[in-house]
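Below is one structure; the comments refer to it alone.
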There are 2 protein chains.
Amino acid sequence: MSISVLIAEDQSLILGALAALLEMEQDIKVVARATNGKDALQLAEKLQPDVVVTDIEMPGMTGLEFADALKQRGHAARVIIVTTFARPGYLRRALDAGVRGYLLKDAPAEQLADAIRTVHRGGKMIAPELATAAWDSEDPLNDRERQVLRLAGEGFASAEIARQLFLSEGTVRNYLSEAIGKLGANNRVEAARIARQKGWL
Amino acid sequence: MSISVLIAEDQSLILGALAALLEMEQDIKVVARATNGKDALQLAEKLQPDVVVTDIEMPGMTGLEFADALKQRGHAARVIIVTTFARPGYLRRALDAGVRGYLLKDAPAEQLADAIRTVHRGGKMIAPELATAAWDSEDPLNDRERQVLRLAGEGFASAEIARQLFLSEGTVRNYLSEAIGKLGANNRVEAARIARQKGWL
DNA sequence: CAAACCGCATGACAATCGTCACCCCGAAGT
DNA sequence: ACTTCGGGGTGACGATTGTCATGCGGTTTG
């Protein structure tokens, strides 16, 4: 018997493409498609697919909320998240929602079918870039550093940041220096980029 | 004879999925895939595909630069841009680069094959959301300013940018100063932010 | 042909940034 | 009461950034 799959993804073109990709596998059957979390939830309840593949960023209900909702209702479907974002924070929330797979969109194409099979068998499949990162890379920034870094990343000068946060300019520079050091960056811009990319801003 | 197509898209999973989607059409043949602009350029030169489908945001060389490079070399291939971003600035630059199609990733899946056929026939296909909005505000940046600004926005220092682009550091600073002035920004970071948001990077 | 541009480079100067050592003070611990 | 600690601050110094005037070899173009 083939594995029944539901796909949720808000960009129709990508949705169609993913479906086409999976249609090529004889042991996988795409039984439904949804372009947002709410539709996906209804369809999942009605069709009881073996596996659900979902994006995170969708209008209305995100993939994470969707996974959580499925879990609440004691649903058997195993969920695989497919997303652009390698943010440890997302992975955390996904695992908390009982998600069994977390793939990045820049993983090789065969991995999706693999992941579906693995997860259907009861296994887990986490993008290697994140498997470790979820553990070791905790956000090293404190509150002030985050605030300052966020503004610096928008292009505000130290003096302006100081004004906005009611700090002295020197202090702002100290925080920035700290943040730059903690993130292993060479300057505020790079630091902001790194932090954003990790989902810490 | 079927239409030969090259696909460039940095997210492998999506790349594979798009290829699968097109494989389903009997009159379309995916002859090559690339995950960045440079590879795409080489492959396009070697294989002379009828149509090139490319994403915009790719590491190294963007889809727009790629399209431009193809045009420079007097290449016959017709280019279709497929992107998430409905930024008028992108469309304008795409059209300037001689691009024949501009689709959004949330267009219906069948549109891609349609667009390929239309473009192959010599027609154009522009996402309706953008067809009108194209004449918004002009991009005041020239090529060098764009390159320099992009790197500056990533957090590279002037000296590093100079090394990467084989320019002197002073020249890099001059270009940045120009760009900052044109965009009404106060520093490189703000300038990069403004340009990005307008779709000029 | 000469004028006008263009892309790139220099050099200089002021402003801003990044770093570091050290200070102040109010809360906690013990 | 005496330390310790954390948030915030100061001052100074070198590196980087932003600005501007100026120069120089190629292309256009009148």
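Values for this structure:
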read-out	value
Tally of residues being within 14 Å of another protein chain (Cβ to nearest Cβ), under 22 Å from residue A:87 (Cβ atoms) and not β-branched (Val, Ile, Thr) across segment A:165-197	12
Flag for residue A:129 being closer than 30 Å to residue A:4 by Cβ, more than 16 Å from DNA strand C (Cβ to nearest atom) and within 11 Å of chain B (Cβ to nearest Cβ)	no
Subset tally (residues that are surrounded by 15 or more Cβ atoms within 10 Å (Cβ to Cβ) and more than 9 Å from DNA strand C (Cβ to nearest atom)) for segment B:158-193	15
Residues located in segment A:137-147, provided they are without any contact (Cβ under 8 Å) to a residue 12 or more places away in the chain and either more than 11 Å from DNA strand D (Cβ to nearest atom) or within 24 Å of residue B:150 (Cβ to Cβ) (or both)	A:138
Qualifying residue in segment A:134-152 (condition: closer than 30 Å to residue B:55 by Cα, surrounded by fewer than 20 Cβ atoms within 10 Å (Cβ to Cβ) and within 16 Å of DNA strand C (Cβ to nearest atom))	yes
Residue pairs meeting the criteria (Cβ under 8 Å; at least 6 apart or on separate chains; first closer than 15 Å to residue B:105 by Cβ, in segment B:6-28; second among the polar types (S, T, N, Q) and assigned to a strand (DSSP E or B))	B:7/B:54; B:8/B:54; B:9/B:54
Qualifying residue in segment B:33-44 (condition: away from chain A (no Cβ under 14 Å), among the basic types (Lys, Arg) and part of a loop (DSSP other than H, G, I, E, B))	no
Any pair with Cβ under 6 angstrom, 6 or more apart, that starts in segment B:71-86 at a residue that is at positive phi and in a strand (DSSP E or B) and ends at one that is among the hydroxyl-bearing types (Ser, Thr, Tyr) and exposed (fewer than 15 other Cβ atoms within 10 Å of the Cβ)	none
Among (1) crowded, with 20+ Cβ neighbours inside 10 Å; (2) in contact with a strand residue (DSSP E or B) (Cβ under 8 Å, 6 or more places away or on another chain); (3) within 10 Å of another protein chain (Cβ to nearest Cβ) - the single one residue B:23 does not satisfy	(1)
Subset of segment A:1-34 (residues that are in contact with a Ser or Thr (Cβ under 6 Å, 6 or more places away or on another chain) and under 18 Å from residue A:69 (Cβ atoms))	A:8, A:10
Boolean, residue B:29 is surrounded by fewer than 20 Cβ atoms within 10 Å (Cβ to Cβ), among the basic types (Lys, Arg) and over 23 Å from residue B:154 (Cα atoms)	yes
Residue list for segment B:148-201, filter: free of Cβ contacts under 8 Å to residues at least 24 places away in the same chain, more than 9 Å from DNA strand D (Cβ to nearest atom) and outside any helix (DSSP H, G or I)	B:166, B:167, B:168, B:184
Selection status of residue B:99, outside any helix (DSSP H, G or I), β-branched (Val, Ile, Thr) and either closer than 17 Å to residue B:57 by Cβ or within 16 Å of DNA strand C (Cβ to nearest atom) (or both)	yes
Residue in segment A:37-50 that is under 20 Å from residue A:125 (Cα atoms) and buried (at least 18 other Cβ atoms within 10 Å of the Cβ) present	yes
Residue A:67 crowded, with 23+ Cβ neighbours inside 10 Å and within 16 Å of the chain's Cα centre (by Cα)	yes
Lone unmet requirement of (1) crowded, with 16+ Cβ neighbours inside 10 Å; (2) assigned to a helix (DSSP H, G or I) for residue B:106	(2)
Set B:122, B:89: member being in a loop (DSSP other than H, G, I, E, B) and either touching a Pro at 6+ places or on another chain (Cβ under 6 Å) or more than 14 Å from chain A (Cβ to nearest Cβ) (or both)	B:122
Evaluation of residue A:106 against (1) more than 11 Å from chain B (Cβ to nearest Cβ); (2) more than 16 Å from DNA strand C (Cβ to nearest atom) (one fails), failing number	(1)
Selected residue [under 30 Å from residue B:20 (Cα atoms) and out of contact with any Leu (no Cβ under 8 Å at 6 or more places or on another chain)] from B:170, B:181, B:122, B:155	B:122
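Here's the yes/no breakdown for (1) within 14 Å of chain A (Cβ to nearest Cβ); (2) within 21 Å of residue B:15 (Cα to Cα):
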{"position": "B:50", "(1), (2)": "no, yes"}
{"position": "B:63", "(1), (2)": "no, yes"}
{"position": "B:75", "(1), (2)": "no, no"}
{"position": "B:80", "(1), (2)": "yes, yes"}
{"position": "B:99", "(1), (2)": "no, yes"}
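Bear in mind that the values in this text are calculations on the coordinates, not laboratory data. Given the structure is predicted, the values throughout are model-derived calculations rather than measurements. For neighbour counting, all protein chains shown are included, and Cβ atoms are generated from backbone atoms with ideal geometry for every residue, glycine included.
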